[in-house]
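Q: Before I ask anything, let me first share the structure, which is written out below as structure tokens.
The values are calculated or read from the model by the stated rules, or taken from the named source; none is laboratory data. Because the structure is a prediction, the values reported are computed rather than measured. Neighbour counts are summed over all protein chains in view; Cβ atoms, including those assigned to glycine, are modelled from backbone coordinates with ideal geometry.
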């Protein structure tokens with residue numbers, strides 16, 4: 001399962017669209033209306049991908065007991081690299 005460690009894509013796209021809008025909404029109902037318009041114009045694939053990514057991140061979080069899973073993944077990579085290094089050294093010692 002590939003996990004993307006990026007900000008929520010719809011949120012970024014909505015912020016970009018909001019900042020491009022001029023004149024800026026002055027009231028809360030105007031802001032709500034604008035955000036609804038922006039949301040309605042987001043591509044459905046972007047929303048679906050965001051939901052899938054969020055689901056994957058939740059699974060990763062629960063698999064490490066609620067801890068920060070980015071750290072768990074880095075630890076896993078470090079352990080793999082250490083094992084590969086040791087394997088390489090043992091292979092060299094065996095060959096020579």
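Q: Do you know which of the residues in region 7-33 that are in a loop (DSSP other than H, G, I, E, B) and touching a helix residue (DSSP H, G or I) at 6+ places or on another chain (Cβ under 8 Å) is modelled with the lowest pLDDT?
A: Step by step, filter region 7-33, then rank; the result is 8.
Q: Note down all Cβ pairs under 7 Å where the first residue falls in region 39-54 and is surrounded by 13 or more Cβ atoms within 10 Å (Cβ to Cβ), the second is not in a helix (DSSP H, G or I), and they're at least six residues apart or on different chains.
A: Filtered contacts from region 39-54: 50/8; 53/4.
Q: Which condition from (1) part of a helix (DSSP H, G or I); (2) at pLDDT below 80 is the one that residue 65 breaks?
A: So the condition that residue 65 fails would be (1).
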